[in-house]
Amino acid sequence: MSGISVPTPQPYPVLPGMETGDAKEELRRAIRAQRGHRSARQRAQAAESLADIIESIPEVRDAGCVAAYAARSAEPGMLPLLDRLTGRGVRVLLPVLGAGLARDWADYTGPDDLLERAPGRPPEPGGPTLGTDAIKLADVVLAPAIAVDTRGVRLGQGGGWYDRALAHLRPGAKVVAVVFPEEVYDAADHPLPREEHDVLVHAVATTTDWRLLGGL
């Protein structure tokens, strides 16, 4: 897919010869700064639009279990979607980060149970944890991202949590990265830096549309 139309400037501070890790950090810094310009009202509207788009994905519509996440304030909001999914009987799993890079999951039971349980971490559910392999229950994984390109390369927060977690995914389950529209990069012109451990995703969802990606 080429000629992607984006509604706002698309930062790409990647210079020739730049180390991959440095290129990732420069992109994260630029995109996070751009995200910070959205108002609370704009973020709330985006969350509702995102829920509409993600619910239209056939694999999500047919899923019995979805692994998702609770968004930080500047990320594309997820609460409307989480409540819609559980409202129609879908089991929703959310990450529980644990110590270091420990990977665990717990059931989403409603917004009142979501708390920031350690400084700087996203909100997490407080119910019983289900173990690393709980992700095998998911038909679809909705993965947070800073950006994604048309090959399926996902730029994450930098801790490597999701790349490790996705290694436990059951065969056939789909991974959908979630970003704002301007954070989908055309790999023909602006490929995202990728390291060997970076797991490709199957699709991307934004507040305006969703699409399959070419890397898988």
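Restricted to Cα atoms, the stretch 148-216 shows a radius of gyration and a Dmax of 11.5, 33 angstrom. In this structure the stretch 59-107 gives 38 Å² per residue of accessible area when probed at 1.4 Å with all protein chains present.
For the chain, what does the relative contact order come out to in percent, with C-alpha contacts under 8 Å and a separation of six or more?
Normalised by residue count, the contact order of the chain is 22 percent.
The alpha-carbon atoms of the stretch 87-145 define a convex hull whose volume equals 105 cubic angstrom per residue. The chain: Rg/Rh from Cα coordinates, Kirkwood Rh? The Rg/Rh ratio comes out at 0.93. Projected label points at Asp62 and Arg91, each 7 Å from Cα along the beta carbon direction, are separated by 1.9 nanometres.
Exposed loop sites here mean GluC sites (Glu not before Pro) with a DSSP loop assignment and at most 12 other beta-carbon atoms within 10 Å; the chain contains its longest site-free run at 20-115.
Look at the dipole of the stretch 41-128 built from charges on Cβ: of Ile53, Gly87, Leu97, the Cα furthest out on the positive end belongs to Leu97. Is the stretch 114-190 best put as rounded, prolate or oblate by its Cα gyration tensor, with a ≥ b ≥ c the root eigenvalues, rounded for a/c under 1.5, and otherwise prolate when a/b is larger than b/c, oblate when not? Here the stretch 114-190 falls in the oblate category.
Helical runs (DSSP H, four residues minimum) scored at -39500 (n - 2.57) apiece and divided by the length of the chain put the mean residue ellipticity at 222 nm at -7000 deg cm²/dmol. Would you please classify the overall shape of the stretch 32-103 from the alpha carbon gyration tensor, given that a ≥ b ≥ c denote the square roots of the eigenvalues, rounded means a/c under 1.5, and beyond that prolate means a/b larger than b/c while oblate covers the rest? It comes out oblate by the Cα gyration axes. When the solvent-accessible area of the stretch 10-148 is split by element, carbon and sulfur atoms take up 53 percent of it, the probe being 1.4 Å.
With +1 on each Lys and Arg Cβ and -1 on each Asp and Glu Cβ, and nothing else charged, work out how big the dipole of the stretch 1-141 is about its Cα centre, in Debye to the nearest 20. Provide the component values of the computation, followed by the final result.
Numbers: 17 positive and 19 negative charges, 78 e Å.
With Lys and Arg at +1 and Asp and Glu at -1, about 380 debye.
Solvent-accessible surface of protein heavy atoms, probed at 1.4 angstrom with all chains present, puts His37, His202, His197 in the order His37, His197, His202, largest first.
The values are calculated or read from the model by the stated rules, or taken from the named source; none is laboratory data. Fair warning: this is a prediction, and the values are worked out from it, not measured in the lab. Neighbour counts are summed over all protein chains in view; Cβ atoms, including those assigned to glycine, are modelled from backbone coordinates with ideal geometry. When the accessible area is computed, the model is the full protein with side chains, heavy atoms only, and any ligands, DNA or RNA have been set aside. Shrake-Rupley method; radii C 1.70, N 1.55, O 1.52, S 1.80 Å.
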